[in-house]
1. Considering each of Ser50, Ser46 in turn, give the residue that is within 26 Å of Ile262 (Cα to Cα), assigned to a helix (DSSP H, G or I) and open to solvent by less than 40 Å² (accessible area, probe 1.4 Å).
2. Please pick out the residue among Asp76, Asp53 that is at positive phi and either aromatic (Phe, Trp, Tyr) or over 18 Å from the mean Cα position of the chain (by Cα) (or both).
3. Only one of these is touching a residue at least 12 places away in the same chain (Cβ under 8 Å), assigned to a helix (DSSP H, G or I), β-branched (Val, Ile, Thr) and open to solvent by less than 60 Å² (accessible area, probe 1.4 Å): Ile237, Ile254, Ile219. Name it.
4. Between Ile110, Ile102, which is open to solvent by less than 10 Å² (accessible area, probe 1.4 Å) and outside any helix (DSSP H, G or I)?
5. Looking for something assigned to a helix (DSSP H, G or I), buried (at least 23 other Cβ atoms within 10 Å of the Cβ) and in contact with a strand residue (DSSP E or B) (Cβ under 8 Å, 6 or more places away or on another chain) - is there at least one such residue anywhere in region 136-155?
6. Identify the residue in region 19-36 that is assigned to a helix (DSSP H, G or I) and loosely packed, with under 15 Cβ neighbours inside 10 Å and, among all such residues, is farthest from the chain's Cα centre (by Cα).
7. Only one of (1) in contact (Cβ under 8 Å) with a residue 40 or more places away in the chain; (2) surrounded by fewer than 22 Cβ atoms within 10 Å (Cβ to Cβ); (3) under 30 Å from Arg171 (Cα atoms) fails for Lys242. Which number is that?
8. Can you pull out every residue in region 186-208 that is in contact with a helix residue (DSSP H, G or I) (Cβ under 9 Å, 6 or more places away or on another chain), on the phi < 0 side of the Ramachandran plot and open to solvent by 50 Å² or more (accessible area, probe 1.4 Å)?
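The values are calculated or read from the model by the stated rules, or taken from the named source; none is laboratory data. Keep in mind the model is a prediction, meaning the values are calculated, not measured. Glycine also receives a Cβ, built like all others from the backbone with ideal geometry; neighbour counts cover every protein chain displayed. Calculation scope for accessible area: heavy atoms of the full protein, side chains included, ligands and nucleic acids excluded. Shrake-Rupley method; radii C 1.70, N 1.55, O 1.52, S 1.80 Å.
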Amino acid sequence: MAKIDLNLQFLFNEYEILDRYKKSHELGFKFVELQHPYSLDLNLLSSLISDLDMAQVLINIDVNNDETGKMNLAIDPKGIDKFKSSVDNSLRYCTELSVKVINCTPGPAIDDLERSVQYQTLIENLSYAAPLFEECGTRLLIEPINTFDQPGFFISNSKDGAKVVADVSHRNFGLQYDVYHMQLMEGNIMNNIKKYIDIIGHFQIADVPGRLEPGKGEIGYSNIFKFIDDLGYEGFIGAEYKPENTTEEGLAWIKKYDGLEIA
């Protein structure tokens, strides 16, 4: 049965980051994700998570690229050494926080550089990182992202994401499937989930339009949750949406769907 985790990059933005953990715990949620924890003191964050008996499900590799000013370090052949340094730092956080999965976003394509060069750089970087994260028990993933919100994003559909997974060809590397992004890019959600379920290591959700709470738009989440459950998926589903009002008010959507674990 799937478990819901709260994305603290998006939710409880009225609080400082550490207080978002406390608020999640106060409301009965055990599982959280935070893409960029690197501004936080690792020892302090680890102690807080332990004291609250919470679980850090997901973080991202820091792929901020000084050369381009964008989050596309993983596809820049000039940035390989910095990428490796970012991996080393992420490994510290994954080990200390017992992170379940880590996302490596390719970011937007680099202008005036052949796509094939960027793609090969991505494959080499992911091939380097996958076994290192395996050693600390964290699965490495790649997430396709829609090109409406992020124009020019390098990997923007599930088919291309699956090709990256196949080309890296490592048991510790898989696909992060964001239902919001893929509804915008390709639709056909349940057929594609079924097609790629064997390589999907994490889901994220929001509704279309507006990236609001599930149940606010066109996506049939009741059917999707049941479908994922019937496929035998037992991982996490990250609630990564923009609350229409306050986060706490918006969390009522979870009560509409049977079988979702929050603790």
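1. On the way: Ser50 fails: open to solvent by less than 40 Å² (accessible area, probe 1.4 Å).
After ruling out the rest, the residue left standing is Ser46.
2. Values: Asp76 fails: at positive phi.
Answer to the check: Asp53.
3. Numbers: Ile237 fails: assigned to a helix (DSSP H, G or I); Ile219 fails: assigned to a helix (DSSP H, G or I).
Step by step, each of Ile237, Ile254, Ile219 is checked, and only Ile254 is touching a residue at least 12 places away in the same chain (Cβ under 8 Å), assigned to a helix (DSSP H, G or I), β-branched (Val, Ile, Thr) and open to solvent by less than 60 Å² (accessible area, probe 1.4 Å).
4. Working: Ile110 fails: open to solvent by less than 10 Å² (accessible area, probe 1.4 Å).
When all the criteria are applied, what remains is Ile102.
5. Checked against the condition, which is being assigned to a helix (DSSP H, G or I), buried (at least 23 other Cβ atoms within 10 Å of the Cβ) and in contact with a strand residue (DSSP E or B) (Cβ under 8 Å, 6 or more places away or on another chain), region 136-155 yields no hits at all.
6. Result: Glu26.
7. Evaluating Lys242 over (1) in contact (Cβ under 8 Å) with a residue 40 or more places away in the chain; (2) surrounded by fewer than 22 Cβ atoms within 10 Å (Cβ to Cβ); (3) under 30 Å from Arg171 (Cα atoms) leaves (3) as the failure.
8. Glu186, Met190, Lys194, Lys195
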